[in-house]
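Asks: Input: one structure, supplied below.
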4 protein chains.
Amino acid sequence: MTVADNIRVGVLGSRGKVGQAIVAGVEAAPDTDFTVGVDKDDSLSAFVDSDTAVVVDFTHPDVVMGNLEFLVANGIHAVVGTTGFTAERIAQVREWVAAKPGVGVLIAPNFAIGAILSMHFAQQAARFFTSAEVIELHHPAKADAPSGTAGRTAELIAAARAEAGLAPMPDATSTGLDGARGALVGDVHVHSVRLAGLVAHQEVLFGTQGETLTIRHDSMDRTSFVPGVLLGVREIGGHPGLTVGLDQFMNL
Amino acid sequence: MTVADNIRVGVLGSRGKVGQAIVAGVEAAPDTDFTVGVDKDDSLSAFVDSDTAVVVDFTHPDVVMGNLEFLVANGIHAVVGTTGFTAERIAQVREWVAAKPGVGVLIAPNFAIGAILSMHFAQQAARFFTSAEVIELHHPAKADAPSGTAGRTAELIAAARAEAGLAPMPDATSTGLDGARGALVGDVHVHSVRLAGLVAHQEVLFGTQGETLTIRHDSMDRTSFVPGVLLGVREIGGHPGLTVGLDQFMNL
Amino acid sequence: MTVADNIRVGVLGSRGKVGQAIVAGVEAAPDTDFTVGVDKDDSLSAFVDSDTAVVVDFTHPDVVMGNLEFLVANGIHAVVGTTGFTAERIAQVREWVAAKPGVGVLIAPNFAIGAILSMHFAQQAARFFTSAEVIELHHPAKADAPSGTAGRTAELIAAARAEAGLAPMPDATSTGLDGARGALVGDVHVHSVRLAGLVAHQEVLFGTQGETLTIRHDSMDRTSFVPGVLLGVREIGGHPGLTVGLDQFMNL
Amino acid sequence: MTVADNIRVGVLGSRGKVGQAIVAGVEAAPDTDFTVGVDKDDSLSAFVDSDTAVVVDFTHPDVVMGNLEFLVANGIHAVVGTTGFTAERIAQVREWVAAKPGVGVLIAPNFAIGAILSMHFAQQAARFFTSAEVIELHHPAKADAPSGTAGRTAELIAAARAEAGLAPMPDATSTGLDGARGALVGDVHVHSVRLAGLVAHQEVLFGTQGETLTIRHDSMDRTSFVPGVLLGVREIGGHPGLTVGLDQFMNL
């Protein structure tokens, strides 16, 4: 259904798995309309012709810079989940948007709102607790252990603990088996479970005298980035210039 | 061990169960020293004689106002977990501290840091999720269901959802048994489990497309208020005047 | 890959969503080979022509009886997840297999191994605990609350408690909100959570002095019946006659 | 309250922490009566004089054998949680009870019913799942990692997997940090969390296509052995001779 004041949204790579999920999300939301999908061999001018306001780009490092140059030049906002943004690329995008006031570009490595909130809450909670550990649990086809998110979460906790000047965590372990206590990231123990049937899950555990606080994030399927993309689409018009990280739009 | 720059802390009701736990906490912390305990029939002047800087009061509504009048008048900070603070009482304490610049009084209904953080995080997360429910789990001797904390948490979530203009939560339930979907607080379903072996636990569940976020708080024993009391003791000297709620000292 | 001693498996309704998952499972398992799929308008004789040993039937109550009559008559084992088996239908199938010694038919309402084990363990554990409650958590498109599995689990627990002559569960709840304590199935409280992002999950909680035991089952996607179907396929050749319920093949 | 047909129970070491909890449990149960406590320097004949039927012994390896010789000789059943039972000691006790038909002795290393059930269920479930891992979580004063119970649970799972001829667990981990994947007991990964605020907790996770099963045991305080002791007290009269392990009385 097309509604007058809805945000007009185009999608790059709309026929891929990720693109299809984004198109479906845009079509299902009450305040966004899908205009056009542009895939390999299609012309970017379709976005201009369709009066598209925001384009979502989850494509490939090889093509994303060309896409962004075109979109910004044509006054179209962009919400970007494509990877490979080096400092040089970021600087280049910043230059483009500076030359085109009013246009917004969001580049974010992670659109899963639950993961972003988990990390934010972990960072806030860390300084109040004696102990902190991270358990991440994934499907057994995952190559790295711990996960990037778990490693990053542990770094944030370790930094918050250091800044607050907390004492070292108590740990009387004196005998045992190698690896039982997990990997260390800063002073935070991180444990990686690999289990058939799981998708992507993480628990951050905090403890102090007589109580614990656990922040758990469960990704049940591969479309969990869609609500975050829609959040970016809704906010980008009000945030001209370059923004890095979806958390910037979340007023946390 | 007495250290020169440690905070000198006295305890009202030091021989009761709660008081004993506070004394033990003050003695165990590296930056606080226990000065003196004052119980029924003891004189409050012991706090003055012992050069006490902060007094902790977990006593009774019948005596707490007399205690506070004395402490403020004598330039001693107070950290108060006693209940029964009506608007009138709050106003009276505010008057006393206004007359004695530099003295701080903290009055808080809840010193469990994990519970305070749970509520804060729930409030922050609520506007990003399609659905939210609360499950609280307690020992079977508890008289009220849901717990006060669960009810308050659900109210905060409902208010945050309303403020963000979220759509009603999806729920296709059309057949079933009375009570299966729990109690409603605002638009938030709340479930109360009563189980032998449990102490006091709460889960706040948030869900959106493909992912969930769970914030769980477990109180394992009755001393879980001690770290919060110590936090209050450390901060009160830097917060003259009346403060209501420990979260005010947590920079959240 | 076709291996000499592998079990030769055909699939009814092979082009439907469920059928496709079963075909994929049969093809992926090292000890089973997929022979042929038979869908609407195809002839059942394809199973005979392909020398199929076991046929899996997840079709429709309207056609399953015709399928079974043909399969048993032709000496082909059947593993059946189709619903609608009344006592009359069961009796009819029993008659067919009695006339054809050596042929096995398994009819089961539930092929999720984790759900079957959850119920079995709950039944075993119930008599050792003072308290028991059930929490089931599902996607918000579910029509019934509590779920059929949760209701059945609670019935099994209530029956085990009654048989063991346990005292009533302690519960001091005297004030509160309607529904907070959930629905009652026998003497077991059952709570139903409906949350976007969830699939199908259940927790059975048991408690006694100082300890709790929790049995949690998570179905993450709609293919969780496949391992149970493969278990049925492997066992049916060694279990001639009619078997009702996959647990009969699990030696619990 | 003393009731005619109640079991008359005496307690060795009744003034210690553990003994006090046992006395309180015996007094609170509706079907047992506490007769007498015998501590250091008291005479064992108090059990005979008080017509005690069952004595509970949670004392010390140095004295337990003398206690048992006396109890068996006097026709009194014994429920024993004291440690240090070597094969020689077991053989000696077996000799004593053989000479005194009708008298029962239970010796058990673990009286936490939830822990016993967890291990039993883990053993039963193991052969049905592609993957299994164990997470144990304890207070930070614990010296060994993993816990003895976690190690034993992993051994039981590994043995059940081997007996069922399961394929190796899938695990694509190729890069990461040392220890992230935990310790290996047989082919089962075991993870140890040490966190302030925790007591003693364990999760056994099983996974297969699309589903997981989790068995979680939480010991919230040090009295969680009491229900198991009472179970032993109730059953010992009907089980003459020597029994090793409380699970023998649980008909699992």
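Asks: Tally up the residues in the range A:217-248 that are within 12 Å of chain B (Cβ to nearest Cβ), within 11 Å of the chain's Cα centre (by Cα) and surrounded by fewer than 22 Cβ atoms within 10 Å (Cβ to Cβ), please.
Replies: So the count comes out to 1.
Asks: Collect the residues in the range B:17-37 that are farther than 16 Å from residue A:208 by Cβ and over 19 Å from the mean Cα position of the chain (by Cα), keeping them in residue-number order. Spell out how you get there, then give the answer.
Replies: Initially, the range B:17-37 is screened for residues farther than 16 Å from residue A:208 by Cβ, giving B:17-20, B:23, B:27, B:33-37.
The answer is B:27, B:33, B:34, B:35, B:36, B:37.
Asks: Here's a follow-up. Does the range C:199-207 contain at least one residue that is more than 21 Å from residue D:130 (Cα to Cα), in the same structural domain as residue C:152 (by the TED database), touching a helix residue (DSSP H, G or I) at 6+ places or on another chain (Cβ under 7 Å) and modelled with pLDDT of 95 or more?
Replies: yes
Asks: Can you say whether residue C:176 is within 7 Å of another protein chain (Cβ to nearest Cβ), free of Cβ contacts under 8 Å to residues at least 60 places away in the same chain and more than 30 Å from the chain's Cα centre (by Cα), as far as the supplied structure shows?
Replies: Details: within 7 Å of another protein chain (Cβ to nearest Cβ): yes; free of Cβ contacts under 8 Å to residues at least 60 places away in the same chain: yes; more than 30 Å from the chain's Cα centre (by Cα): yes.
So residue C:176 fits the description; yes.
Asks: Oh, and also: Which count do you get for residues in the range B:121-144 that are free of Cβ contacts under 8 Å to residues at least 40 places away in the same chain and acidic (Asp, Glu)? Spell out how you get there, then give the answer.
Replies: Let us first name the residues in the range B:121-144 that are free of Cβ contacts under 8 Å to residues at least 40 places away in the same chain, namely B:123-124, B:127, B:141, B:143-144.
Then drop every residue that is not acidic (Asp, Glu), which leaves B:144.
Qualifying residue count for the region: 1.
Asks: Let me ask something additional. Residue by residue through the range D:96-120, note down the ones that are over 21 Å from residue D:229 (Cα atoms) and outside any loop (DSSP other than H, G, I, E, B).
Replies: In the first step, residues of the range D:96-120 are kept if they are over 21 Å from residue D:229 (Cα atoms); the result is D:96, D:98-101.
Those that are over 21 Å from residue D:229 (Cα atoms) and outside any loop (DSSP other than H, G, I, E, B): D:96, D:98.
Asks: Restricting the range C:152-172 to residues that are more than 12 Å from chain B (Cβ to nearest Cβ) and part of a loop (DSSP other than H, G, I, E, B), which is surrounded by the most Cβ atoms within 10 Å (Cβ to Cβ)?
Replies: C:164
Residues checked against (1) aliphatic (A, V, I, L, M); (2) over 30 Å from residue B:45 (Cβ atoms):
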| residue | (1), (2) |
| --- | --- |
| B:69 | no, no |
| B:96 | no, no |
| B:121 | no, yes |
| B:124 | no, yes |
| B:128 | no, yes |
| B:148 | no, yes |
| B:162 | yes, yes |
| B:166 | yes, yes |
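Asks: Given the criteria outside the structural domain of residue D:21 (by the TED database), touching a residue at least 24 places away in the same chain (Cβ under 8 Å) and not basic (Lys, Arg), does residue D:233 qualify?
Replies: Values: outside the structural domain of residue D:21 (by the TED database): no; touching a residue at least 24 places away in the same chain (Cβ under 8 Å): yes; not basic (Lys, Arg): yes.
Judged against the criteria, residue D:233 is not a match.
Asks: Looking only at the range C:120-131, filter to residues that are more than 9 Å from every other protein chain (Cβ to nearest Cβ) and crowded, with 22+ Cβ neighbours inside 10 Å; which one of those is nearest to residue D:207 (Cα to Cα)?
Replies: C:122
Asks: If you don't mind, there's one more thing I want to ask. Kindly indicate which of D:70, D:34, D:47, D:58 is more than 23 Å from residue D:226 (Cα to Cα) and surrounded by 14 or more Cβ atoms within 10 Å (Cβ to Cβ). If you could, list the steps in order and put the result at the bottom.
Replies: Values: D:34 fails: more than 23 Å from residue D:226 (Cα to Cα); D:47 fails: more than 23 Å from residue D:226 (Cα to Cα); D:58 fails: more than 23 Å from residue D:226 (Cα to Cα).
None of the others qualify; the one that does is D:70.
Asks: Would it be correct to say that residue A:116 is in contact (Cβ under 8 Å) with a residue 60 or more places away in the chain and more than 8 Å from chain D (Cβ to nearest Cβ)?
Replies: On the way: in contact (Cβ under 8 Å) with a residue 60 or more places away in the chain: yes; more than 8 Å from chain D (Cβ to nearest Cβ): yes.
The answer is yes for residue A:116.
Asks: Considering only the range A:179-201, state which residues are under 27 Å from the mean Cα position of the chain (by Cα), within 17 Å of residue D:177 (Cα to Cα) and not hydroxyl-bearing (Ser, Thr, Tyr).
Replies: Start the filter on the range A:179-201 by keeping residues that are under 27 Å from the mean Cα position of the chain (by Cα), which leaves A:182-201.
Restricting the remaining residues to those that are within 17 Å of residue D:177 (Cα to Cα) gives A:182-194.
Matches in the range A:179-201: A:182, A:183, A:184, A:185, A:186, A:187, A:188, A:189, A:190, A:191, A:193, A:194.
Asks: Also, quick follow-up: Inside the range B:179-193, can you point out the residues that are of a type in the set (A, V, I, L, M), farther than 12 Å from residue B:150 by Cβ and facing chain C (nearest Cβ under 7 Å)?
Replies: Pass one, the range B:179-193, residues of a type in the set (A, V, I, L, M): B:180, B:183-185, B:188, B:190, B:193.
Narrowing further to those that are farther than 12 Å from residue B:150 by Cβ: B:180, B:184.
Correct list: B:180 only.
Asks: Please verify whether residue D:141 is crowded, with 24+ Cβ neighbours inside 10 Å and over 26 Å from residue D:240 (Cα atoms), treating the condition exactly as stated.
Replies: Details: crowded, with 24+ Cβ neighbours inside 10 Å: no; over 26 Å from residue D:240 (Cα atoms): yes.
No, not satisfied.
Asks: Name every residue in the range D:134-150 that is facing chain A (nearest Cβ under 8 Å), touching an Asp or Glu at 6+ places or on another chain (Cβ under 9 Å) and not in a loop (DSSP other than H, G, I, E, B), in order of residue number.
Replies: D:135, D:137, D:145
The values are calculated or read from the model by the stated rules, or taken from the named source; none is laboratory data. What you see is a predicted model; the values in this text were computed from it and never measured. Quick reminder, even Gly has a Cβ in these numbers, built from the backbone with ideal geometry, and neighbours come from all protein chains shown.
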